[in-house]
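Data block below; observations after.
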Amino acid sequence: MKALVRRLQRLFTGRTGVIALPYGWLLLFFLFPFLILAKISVSEMETVTFKDVLTWQDGVLALTLKFSNYLFIASDDLYVLTYIASLKYAAVTTLLCLLIGYPFAYFMARAKVTLQPTLLMLVMLPFWTSFLLRVYSWKALLSEHGWVSDVLIATGLDQVLLAGGLISAPGKFMNTPFSLVLGMTYTYLPFMILPLYSNLAKMDLRLLEAAADLGATPWQAFWRITVPLSKAGIIAGSMLVFIPCVGEFVIPELLGGPETLMIGRVVWDEFFSNNDWPMASSVAVVMILLIIVPLAIFNKYQAEAQENR
């Protein structure tokens, strides 16, 4: 008994314990709920309950899996177009956050040390306000006679947005792809800035001095040294923005309008409007796989690239 206790103590201390803790967290709060969701997606629904996928009757063990929901998702254009739209809006939002967030993070990292905490606080300041209040505020700003709407009309930018197909009519900004992308970019911009700032702040500035001594211009030094060295921050920020944007529900519902379908809205409708839990679970499982599989492949190649260096 004492030997077993000592072995368990060694198991949960040191490096093994440090590794086991996050894996246990992922197992309990991600893998286990995902398996429940996957089970519901292949189950048959009976009013408010589900049939067991594994049954034992008369000495026979039967496994009954219903894959018709997945086949329907693959064959129905509505679901396919919704997945494509979700990935498209998430990718556009991620790109905009990167284009806006990188210069801001770069400025923060190169600012005076005494000024950096203030800039960091300004980035985190929106988190002090309710997420719903911030989204609702954009409804007022973009609606008729809202000051953002008035500025866009006065500068003629509504005509540019109309020509690009981002709004449906001059001066109509709400319930359009423009309002949806604007709301998601505003909401998730801090998630891009913070990892970029953390990465850029740790960069060895002597590398830039060495590049200047070798004749590199500031622009060349930026593209050949700063950007490659900040790749980890770019990847982390992009993942932190892209992944929640794919399954976003609140912003498309409040700013995107009924014509802007995204996966989060479809899952909500299947769960609460149609009361079809297996179908909703199937939609959610496919959405999770669309995110996890490419991410796992990317991480694999990243690890192999680092090993080959």
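Say we look at region 111-132 and pick out the residues that are in contact (Cβ under 8 Å) with a residue 60 or more places away in the chain and within 30 Å of Trp219 (Cβ to Cβ); which of these is surrounded by the most Cβ atoms within 10 Å (Cβ to Cβ)? Write out each step before concluding.
Looking only at region 111-132, we keep the residues that are in contact (Cβ under 8 Å) with a residue 60 or more places away in the chain, and these are 116, 120, 123-124, 126-127, 131-132.
When the remaining residues are screened for being within 30 Å of Trp219 (Cβ to Cβ), the result is 116, 120, 123.
Working: Gln116: 15, Leu120: 17, Val123: 19.
Ranking the candidates gives Val123 first.
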Got a sec? Which of Val135, Val160 is exposed (fewer than 15 other Cβ atoms within 10 Å of the Cβ), of a type outside the set (S, T, N, Q) and assigned to a helix (DSSP H, G or I)? Val160
Just a yes or no: is a residue in region 201-210 charged (D, E, K, R) and under 20 Å from Leu120 (Cβ atoms)? yes
Scope region 219-254; condition surrounded by fewer than 19 Cβ atoms within 10 Å (Cβ to Cβ) and outside any helix (DSSP H, G or I); matching residues: Gly247, Phe249
If we keep just the residues of region 163-183 that are in contact with a Phe, Trp or Tyr (Cβ under 8 Å, 6 or more places away or on another chain) and not aliphatic (A, V, I, L, M), which is surrounded by the fewest Cβ atoms within 10 Å (Cβ to Cβ)? Pro177
Residues of region 43-73 that turn out to be under 14 Å from Asn275 (Cα atoms) and exposed (fewer than 12 other Cβ atoms within 10 Å of the Cβ), as a count: 4
What is the number of the single condition among (1) surrounded by 13 or more Cβ atoms within 10 Å (Cβ to Cβ); (2) closer than 30 Å to Asp276 by Cα; (3) out of contact with any strand residue (DSSP E or B) (no Cβ under 9 Å at 6 or more places or on another chain) that Met108 does not meet? (2)
The condition from (1) assigned to a helix (DSSP H, G or I); (2) closer than 24 Å to Ser238 by Cβ that Pro117 misses is numbered (2)
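So in region 100-121, with the set limited to residues that are of a type in the set (A, V, I, L, M) and over 22 Å from the mean Cα position of the chain (by Cα), which one is modelled with the lowest pLDDT? Quick ask: steps written out before the conclusion?
Of region 100-121, the ones of a type in the set (A, V, I, L, M) are 100, 105, 108-109, 111, 113, 115, 119-121.
Next cut, over 22 Å from the mean Cα position of the chain (by Cα) only: 108-109, 111, 113, 115, 119, 121.
Working: Met108: 93, Ala109: 92, Ala111: 90, Val113: 87, Leu115: 91, Leu119: 91, Met121: 91.
Going through the qualifying residues, I end up with Val113.
Considering each of Val266, Val293 in turn, give the residue that is surrounded by 18 or more Cβ atoms within 10 Å (Cβ to Cβ) and aliphatic (A, V, I, L, M). Working first, answer last.
Details: Val293 fails: surrounded by 18 or more Cβ atoms within 10 Å (Cβ to Cβ).
Within the list Val266, Val293, the selection yields Val266.
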Quick count over region 185-223, residues being under 14 Å from Ser238 (Cβ atoms) and of a type in the set (Phe, Trp, Tyr), is 2
Which condition does Tyr186 not pass, out of (1) of a type in the set (Phe, Trp, Tyr); (2) surrounded by fewer than 19 Cβ atoms within 10 Å (Cβ to Cβ); (3) at pLDDT 90 or above, if it passes all the others? (2)
Give region 138-156 a look and list any residue that's surrounded by 14 or more Cβ atoms within 10 Å (Cβ to Cβ) and either in contact with a Pro (Cβ under 9 Å, 6 or more places away or on another chain) or in a helix (DSSP H, G or I) (or both), or say none. Trp138, Lys139, Leu141, Leu142, Val148, Ser149, Leu152, Ile153
Over region 38-74, the set of residues farther than 18 Å from Met287 by Cα, not acidic (Asp, Glu) and not in a loop (DSSP other than H, G, I, E, B) is Met45, Thr49, Phe50, Leu54, Thr55, Trp56, Gln57, Val60, Leu61, Ala62, Leu63
All but one of (1) assigned to a helix (DSSP H, G or I); (2) closer than 24 Å to Val148 by Cβ; (3) out of contact with any Phe, Trp or Tyr (no Cβ under 7 Å at 6 or more places or on another chain) hold for Ile193; state the number of the condition that does not hold. (3)
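Taking Asn175 as the residue in question, decide whether it is under 28 Å from the mean Cα position of the chain (by Cα) and at positive phi. Even if it seems obvious, please write down each step before you answer.
Details: under 28 Å from the mean Cα position of the chain (by Cα): yes; at positive phi: yes.
So Asn175 passes the test.
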Taking Tyr23 as the residue in question, decide whether it is in contact (Cβ under 8 Å) with a residue 40 or more places away in the chain, surrounded by 10 or more Cβ atoms within 10 Å (Cβ to Cβ) and in a helix (DSSP H, G or I). no
Those residues that are loosely packed, with under 13 Cβ neighbours inside 10 Å, closer than 14 Å to Ala109 by Cα and not charged (D, E, K, R), I need them from region 199-218; list them, please. Leu205
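The values are calculated or read from the model by the stated rules, or taken from the named source; none is laboratory data. Just so you know, these numbers come straight off a predicted model, no measurement behind them. All Cβ positions, glycine included, derive from the backbone under ideal geometry; neighbour counts span all protein chains shown.
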